Amino acid sequence: LFMSKMGGDYYDYFKLPSGNLGIFFGDVAGHGIPAAMLMAMVKAVIAAAGSDEMHPQQLLVNANQVLLELKKRNWRRMMTAVCFDVDMQTGAFSFANAGHCYPGLVKPEGMGAVLIERSGMPLGSTSKKMPALYSGVLLPGETLVLYTDGIIESVGSAGEQFGYQRFTELLQSAWHSDLEVYWRNIIDGYRNWALCQDDDLTFLLLRLEENHD
């Protein structure tokens, strides 16, 4: 949901040679045409590399090179991003986070929600340190929620930001067995809180189906 006609939010998913699911999810600072242009450049890099057997850390390094090259030309932009490698049979995943919002992990039936509080330096940083790689397991019936900071930083009528705590509570109360309905419930919760939409909003929900055999 772009704030204007164009935005800097971007996500992609692709099948890896291993059979796993690769996910790239990012947010360019700002919005409008400049953010959209940078997003398109990063998208091209990810599209070219996404089908290779490339771990999450390397994908973030490749995306970072785009921003570093632009910085040499005095076009200074930052981008947060998170990249996942998910085994859709076992639910095991690995991921690297470049300053992006903490991924959410919601238990079946919305009986609990936690944020995976692992992060690193945003893309566009001159740090030569490889992004850290983290791992976890998506259990049957659990939902992985990726999102941009438009919802976390939204401001309500009392002048307070929505914040991570309210968001975690919303992930539980909005839960639905249908992911499309679940997403719409989350957006409704946001709209009931925020005075207006002042940033791009993007969500990706991934659920490992429970085996009822």
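The values are calculated or read from the model by the stated rules, or taken from the named source; none is laboratory data. Only a predicted model underlies this, so the values are computations on that prediction, with no experimental measurement involved. All Cβ positions, glycine included, derive from the backbone under ideal geometry; neighbour counts span all protein chains shown. Please note that ligands, DNA and RNA were not included when accessible areas were found on the heavy atoms of the full protein model with its side chains. Shrake-Rupley method; radii C 1.70, N 1.55, O 1.52, S 1.80 Å.
What the table below lists for this structure:
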read-out: Every pair of residues 6+ apart whose Cβ atoms lie under 9 Å, when the first sits in the range 1-19 and is over 22 Å from Met37 (Cβ atoms) while the second is part of a loop (DSSP other than H, G, I, E, B) and modelled with pLDDT of 90 or more; value: Ser18/Asp87; Gly19/Asp87; Gly19/Met88; Gly19/Gln89
read-out: Of all residues making up the range 102-119, the number that are free of Cβ contacts under 8 Å to residues at least 60 places away in the same chain and either over 27 Å from Glu169 (Cβ atoms) or not in a strand (DSSP E or B) (or both); value: 6
read-out: Filtered residues of the range 63-98 (kept if over 13 Å from Thr126 (Cα atoms) and surrounded by fewer than 20 Cβ atoms within 10 Å (Cβ to Cβ)); value: Arg73, Asn74, Trp75, Asp87, Met88, Gln89, Thr90, Gly91, Ala92, Ser94
read-out: Tally of residues being part of a loop (DSSP other than H, G, I, E, B) and either closer than 11 Å to Leu133 by Cβ or among the hydroxyl-bearing types (Ser, Thr, Tyr) (or both) across the range 50-96; value: 3
read-out: Test: residue in the range 50-70 that is of a type in the set (Gly, Ala, Ser), over 25 Å from Thr168 (Cα atoms) and out of contact with any helix residue (DSSP H, G or I) (no Cβ under 6 Å at 6 or more places or on another chain); value: yes
read-out: Selected residue (only one of Leu204, Leu179, Leu171, Leu138 is within 15 Å of His100 (Cβ to Cβ), aliphatic (A, V, I, L, M) and within 17 Å of the chain's Cα centre (by Cα)); value: Leu204
read-out: Residue that is nearest to the chain's Cα centre (by Cα) [pool: residues in the range 114-129 that are open to solvent by 90 Å² or more (accessible area, probe 1.4 Å) and of a type outside the set (Lys, Arg)]; value: Glu117
